[in-house]
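What follows is a short report on a single structure.
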Amino acid sequence: MGTKNQEQFSKEFKQDAVNYYYSSGKTGEEVAKELKIGKSTLSSWI
């Protein structure tokens, strides 16, 4: 009831996602979709 289920990501996952974004040449939207995370979530990590 009424509690929002918020996923927690490890620091390692966050760093890997950011590294992947910079090295892939893909857009943030493409990377977020591949990693099954929100675009705004990835943007906040970057």
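The values are calculated or read from the model by the stated rules, or taken from the named source; none is laboratory data. Everything numeric in this text was worked out from a predicted model, so none of it was measured. For neighbour counting, all protein chains shown are included, and Cβ atoms are generated from backbone atoms with ideal geometry for every residue, glycine included. What goes into the accessible areas is simple: the full protein's heavy atoms, side chains included, and nothing from ligands, DNA or RNA. Shrake-Rupley method; radii C 1.70, N 1.55, O 1.52, S 1.80 Å.
Laid out as a table, the results:
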quantity: Residue, nearest to Gln8 (Cα to Cα), within segment 27-46, restricted to residues that are hydroxyl-bearing (Ser, Thr, Tyr) and surrounded by 11 or more Cβ atoms within 10 Å (Cβ to Cβ); calculated: Thr41
quantity: Filtered residue count, segment 18-35, keeping only those that are among the hydrophobic types (A, V, I, L, M, F, W, C) and without any contact (Cβ under 8 Å) to a residue 12 or more places away in the chain; calculated: 1
quantity: Count - residues of segment 1-26 that are assigned to a helix (DSSP H, G or I) and either modelled with pLDDT under 95 or open to solvent by 80 Å² or more (accessible area, probe 1.4 Å) (or both); calculated: 6
